[in-house]
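Have a look at the structure below, then the notes.
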Ligand SMILES: Nc1nc2c(ncn2[C@@H]2O[C@H](COP(=O)(O)OP(=O)(O)OP(=O)(O)O)[C@@H](O)[C@H]2O)c(=O)[nH]1
Ligand SMILES: [Mg+2]
């Protein structure tokens, strides 16, 4: 196994930079650069020298984590340096001169941790999500996954199915005896129990994935009602052009918001109407596509014309819709009203009146769709696919005409779950999963 090294803190100028080494030659490399390694897991201030020239490179904290009690399960060395670009560059160059050391690939430290059983695949994904978390709710979800809550759930199901499989397999070895009715009954009950839990887990309306990826909120409506003005007010900056001319916005303009700890992509769209030219027509097509994919839609109408929502807008109404009646600084509207049966808010994008109430409703809608639940939620399409495979195999096992076929289906079900946590042949997945890690890059 090679010994690898990388800058583990962010690139660029900083107070402190951390370079990490992992592998069998990590300690030897360290000894070429310092005099006297500190005791394991104890920080020691040392002068770092170039192993070839002996020139001093920096002085910093050195930490060692002998295998297997380290992040990767290998010997790990951490160098806490002054975070200047030249310091980092010179130490990286010095490490390149050490025997048998090479720079780490993206995700390689975590991949080694996985390969040494320090974390399962869901925890490794949780770690990547934690590093990428932009909002508080994302952070909490990722931390739960890193701690192993999701992995433990899947492992429990896998164990339950493995137990059933073991009983069945014991009987395959003695076919003349046949499957005792009670065992057949118990196996079916065990499979049904796991299946019910999986179906329940899958029926989460993608909440974990939505929180991980961010929710999309689209502002839609006729031209000139103030859609871009609302986007700008919520973004707190003039992201979209606002003008009195109807048909100003042609493209989809997106801004990222942290809404009470939840990541939201807010999209402003072209006004929906019979387009006047080719560009506007494309804008309207894009607006409709955004409407189709949005998790939440804010349909906006003008206070002067709100009573007639129009066919175009009413076809977009569904359970994910809120209405905003804008320009309420110009005319008044009834205190409590519902357009097309949806929650409706009187606002003025210009004076910002009513925006707080609209935002509170939006946050409530976001939490309903992506809020953290009691049980850990799946966060990736990959988990969903494997769980669906597992459920299908269990359904097929329930209908199996022989004990051998039942065992085969059960084996497939166990394997499908095992692939989520990485317990079984996942070589094909590893490059994809760890290739996406950019920790320390
Ligand atoms: N009085 C008043 N005027 C507003 C309000 N919001 C927007 N406006 C004005 O309405 C006009 C259109 O605003 P935009 O935000 O560009 O409207 P839009 O819906 O994005 O329009 P298109 O991009 O053409 O579809 C501009 O002149 C704004 O200043 C409001 O709350 N009150
Ligand atoms: Mg606009």
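Bear in mind these aren't lab numbers, they're just calculated from the coordinates by the rules spelled out. Since the structure is predicted, the reported quantities are computational estimates derived from the model, not experimental observations. Quick reminder, even Gly has a Cβ in these numbers, built from the backbone with ideal geometry, and neighbours come from all protein chains shown.
Does the chain come out rounded, prolate or oblate, given a ≥ b ≥ c as the square roots of the eigenvalues of its C-alpha gyration tensor, rounded meaning a/c under 1.5 and, failing that, prolate meaning a/b above b/c? If you can, show how the numbers build up before the last one.
On the way: a/c = 2.99, a/b = 1.26, b/c = 2.37.
Since a/c reaches 1.5 but b/c is at least a/b, the shape of the chain is classed as oblate.
Between residue 185 and residue 400, what is 0.36 nm times their sequence separation minus the Cα-Cα distance? Round to one decimal in nm. Can you show the working numbers first?
Numbers: separation 215, 0.36 × 215 = 77.40 nm, distance 1.33 nm.
Once the chain is fully extended between residue 185 and residue 400, it gains 76.1 nm.
For the range 271-337, just say rounded, prolate or oblate: build the C-alpha gyration tensor, square-root its eigenvalues into a ≥ b ≥ c, call rounded for a/c under 1.5, and beyond that prolate if a/b exceeds b/c, oblate if not.
In terms of gyration-tensor shape, oblate.
So how compact is the range 208-272: Cα radius of gyration and Dmax in angstrom?
In Å, with Rg to one decimal and Dmax whole: 12.3, 41.
Consider a paramagnetic label point 7 Å from the Cα of residue 308 along Cα→Cβ; state which residues of the range 339-371 have an amide N under 20 Å from it.
Answer for this model: 339-341.
When you count, for each residue, the other Cβ atoms within 10 Å and take the mean per peptide, how do 345-352, 59-66, 357-364 rank with the highest first? Walk me through the numbers before you get to the answer.
Values: 345-352: 20.2, 59-66: 18.6, 357-364: 16.9.
Output ranking for 345-352, 59-66, 357-364: 345-352, 59-66, 357-364.
Count the DSSP beta bridges whose two residues both fall in the range 236-372, then state the antiparallel fraction as a percent rounded to the nearest 5.
Working: 9 of 18 bridges.
Given both bridge residues lie in the range 236-372, the antiparallel proportion sits at roughly 50 percent.
On a 0 to 90 degree scale, rounded to 10, what angle separates helix 85-96 from the longest Cα axis of the chain?
Tilt of helix 85-96: around 40 degrees.
With the cut-off at 1.5 for a/c, could you classify the range 1-61 from its C-alpha gyration tensor as rounded, prolate or oblate?
Note, shape of the range 1-61 comes out rounded.
Please report the antiparallel percentage of DSSP beta bridges with both residues in the chain, rounded to the nearest 5.
60 percent
From the helices alone, meaning DSSP H stretches of at least four residues, give me the mean residue ellipticity at 222 nm for the chain, per-run term -39500 (n - 2.57), in deg cm²/dmol to the nearest 500.
My calculation for the chain gives -14000 deg cm²/dmol from helical runs alone.
Please give the FRET efficiency for residue 381 paired with residue 97, using the beta carbon to beta carbon distance and R0 = 60 Å, rounded to the nearest 0.05.
The formula returns an efficiency of 0.85 here.
List the equivalent ellipsoid semi-axes of the range 309-388 in whole Å, largest first, each obtained as the square root of 5λ for an eigenvalue λ of the Cα gyration tensor.
Square roots of five times the eigenvalues give 34, 16, 10 Å.
In degrees between 0 and 90, to the nearest 10, how far off the longest principal axis of the chain does helix 355-370 point, with axes built from Cα atoms?
With both axes taken from Cα atoms, the answer is about 50 degrees.
May I ask for the percentage of alpha-carbon pairs in the range 71-188 that lie more than 23 Å from each other?
Taking all Cα-Cα pairs of the range 71-188, the fraction more than 23 Å apart is 59 percent.
What's the angle, to the nearest 10 degrees (0 to 90), between helix 136-147's Cα axis and the longest principal axis of the chain?
Once rounded, one gets 30 degrees.
Between residue 11 and residue 85, what is the spin-label point distance in nm, taking each point 7 Å from the Cα along the Cα→C-beta axis?
It is 1.1 nm.
Once the Cα atoms of the range 146-270 are picked out, what are the Rg and Dmax in Å?
Reported Rg and Dmax, both Å: 26.8, 85.
Mind giving me the nanometre distance, one decimal, between the label points for residue 332 and residue 197, set 7 Å out from Cα along Cα→Cβ?
5.9 nm
First measure r as the distance between the Cβ atoms of residue 273 and residue 156, then evaluate 1/(1 + (r/R0)^6) with R0 = 45 Å and state the FRET efficiency to the nearest 0.05. List each step's numbers first, then the result.
Details: r = 54 Å, r/R0 = 1.21.
According to the calculation, E is roughly 0.25.
Report P(r) for the range 122-205: all Cα-Cα distances, bin width 10 Å, range 0 to the bin holding the largest distance, values in whole percent.
Cα pair-distance distribution for the range 122-205, in percent: 16, 31, 24, 16, 9, 3, 0.
What does the range 195-236 give for Rg and for Dmax, in Å, if only its C-alpha atoms count?
Cα only, the range 195-236: 17.2, 51 Å (Rg, Dmax).
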